[in-house]
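The values are calculated or read from the model by the stated rules, or taken from the named source; none is laboratory data. In this text the structure is predicted, and so the values were computed from the model without any measurement. Positions of Cβ are backbone-derived with ideal geometry, glycine not excepted, and every protein chain shown enters the neighbour counts.
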Amino acid sequence: MGAIGLQTWTDGERRETQRARLRAMAADVLAGNTFYKEKLGAAGVTRPEQLVAGWDALPFTTKTELSADQAAHAPWGRNLTYPLERYVRMHQTSGTTGRPLRILDTAESWAWWAGIWADLIYGAAGVTAADRVYFAFSFGPFIGFWSAFAGAERLGALCISGAAQSTPERLQSIVASGATVLLSTPTYALRLAEVAREETVDLERSALRVSIHAGEPGASIPATRERIESGLGVVAFDHTGATEIGPTGFSCEARDGVHLVEREFIAEVLDPASGEVAEDGEGELVLTNLGRWGWPVIRYRTGDRVRLERGRCACGRTWAKLAGGIVARADDMVIVRGVNVFPSAIESIVRGLDGVAEYRVEAYEERGMVELRVIVEPLPGIAGGIRDGVAEALHRSLGIRCAVDLAEPGALPRFELKAKRFVRVEAKRP
Ligand SMILES: [Zn+2]
């Protein structure tokens, strides 16, 4: 799996390296970045060493704040460290929450993205220059797999774009090109497997051997990962990242959670109830990127609910791990009759059952209480029975009873990006 070198450092080495990089970044940011000069200045920080020394008292950065700044200073906002002519790329967030944020990269910061992919994410998945990498991605303004493409190119692999292709065309392209690695969302990998079955394309006998997934937590949910692996004949890996932060994590060969790229990010965990910040534990993930000087985020509240663990992984790495990947968006948790329910918990249960093609969860209020309705689309040819099976499995695992309804084959949406299977609705639908 290649050398993992620095990825086995001690806590002391980690802190020392991160502080040195933070200090270097702060020199440029405090000199040229109006947004952070103002924000940190208000907290009494005007020199790089103050940023490091006063870290625990620094304010958080939120997406709402960055959005408001961009709206007030359109089109780019003030989170720019260098003059505009230094920037070479614009991407935007997917807009699943609020208006999309436009984010600029310099040539240096784009090389930073590509380098993390080439050295660490592909490295952990055993992808090399000998591989042919297929991207089932639309290559629109959303950053998605653009950086993964740049990283594979830097690695020396053969890069194959799947933009503007239908699912059958993508399957054809994967088989014909002898692609060995697939990049897609977990949902779309399941869609490829579904269409391959319909079109009798034998992916298990194709050259595909590895898949890397992002955009949703599926590849860290064992039941979903097993479906992807058996459907495509691959070993599936998870990757976490965000347009406004960078490529933050990857799963290793132990495939037990997601390692954070601690060489490039400072990770903290915020307990939303107490406001306490810790280096590990459960809560909202807070990240600072150390290599994207042109568009930095400092103590950025990701909105992701995680359990961050420290210690040595079976793979030998000591970089912190998110147990189970990103468990949920912090605001996606619902409390049903006193039970905390995360969308990923429902996914894990439903995907673990045979006969389920797709599903959707609706949360609604009834008499002041949150209720869940799970809509399940059976695989073709699967009759009755499945509804009771899903209801029982949910009751057994979550300890609550949910309404379960069946959908016609093909009735539920298939997603290429950012699947939205968990929705809040006004009331239970008939
Ligand atoms: Zn590991």
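Miscellaneous remarks
- Some residue of the stretch 278-293 being more than 23 Å from PRO186 (Cα to Cα), in contact with a Ser or Thr (Cβ under 6 Å, 6 or more places away or on another chain) and assigned to a loop (DSSP other than H, G, I, E, B): yes
- Where PHE135 falls short, out of the listed (1) within 17 Å of the chain's Cα centre (by Cα); (2) within 16 Å of the ligand (Cβ to nearest atom): (2)
- For the stretch 341-430, the strands (runs of 3 or more DSSP E) that sit wholly inside it and include 3 or more residues that are without any contact (Cβ under 8 Å) to a residue 60 or more places away in the chain are 369-378, 403-406.
- Where GLY303 falls short, out of the listed (1) in a loop (DSSP other than H, G, I, E, B); (2) of a type in the set (Gly, Ala, Ser); (3) surrounded by fewer than 20 Cβ atoms within 10 Å (Cβ to Cβ): (1)
- If only residues of the stretch 205-218 that are out of contact with any strand residue (DSSP E or B) (no Cβ under 8 Å at 6 or more places or on another chain) and over 25 Å from ILE349 (Cα atoms) are counted, the one that is modelled with the lowest pLDDT is ARG205.
- Restricting attention to the stretch 252-275, the residues that are within 16 Å of the ligand (Cβ to nearest atom) and either touching a helix residue (DSSP H, G or I) at 6+ places or on another chain (Cβ under 7 Å) or part of a loop (DSSP other than H, G, I, E, B) (or both) add up to 10.
- For the stretch 332-361, a tally of residues being crowded, with 19+ Cβ neighbours inside 10 Å, charged (D, E, K, R) and either within 14 Å of ILE400 (Cβ to Cβ) or in contact with a Leu (Cβ under 7 Å, 6 or more places away or on another chain) (or both) returns 2.
- Residues in the stretch 223-251 that are within 16 Å of the ligand (Cβ to nearest atom) and either in contact with a Phe, Trp or Tyr (Cβ under 8 Å, 6 or more places away or on another chain) or assigned to a helix (DSSP H, G or I) (or both): ARG225, PHE237, ASP238, HIS239, THR240, THR248, PHE250, SER251.
- The residues of the stretch 287-329 that are within 16 Å of the ligand (Cβ to nearest atom), out of contact with any Pro (no Cβ under 7 Å at 6 or more places or on another chain), of a type in the set (Gly, Ala, Ser) and touching a residue at least 40 places away in the same chain (Cβ under 8 Å), listed by number, are ALA314, GLY316, ALA320, ALA323, GLY324.
- For CYS402, the criteria (1) exposed (fewer than 14 other Cβ atoms within 10 Å of the Cβ); (2) farther than 26 Å from SER166 by Cβ; (3) among the hydrophobic types (A, V, I, L, M, F, W, C) hold in every case but one, which is (1).
- Number of positions in the stretch 249-284 that are within 25 Å of LEU30 (Cβ to Cβ), touching a residue at least 40 places away in the same chain (Cβ under 8 Å) and surrounded by 21 or more Cβ atoms within 10 Å (Cβ to Cβ): 5
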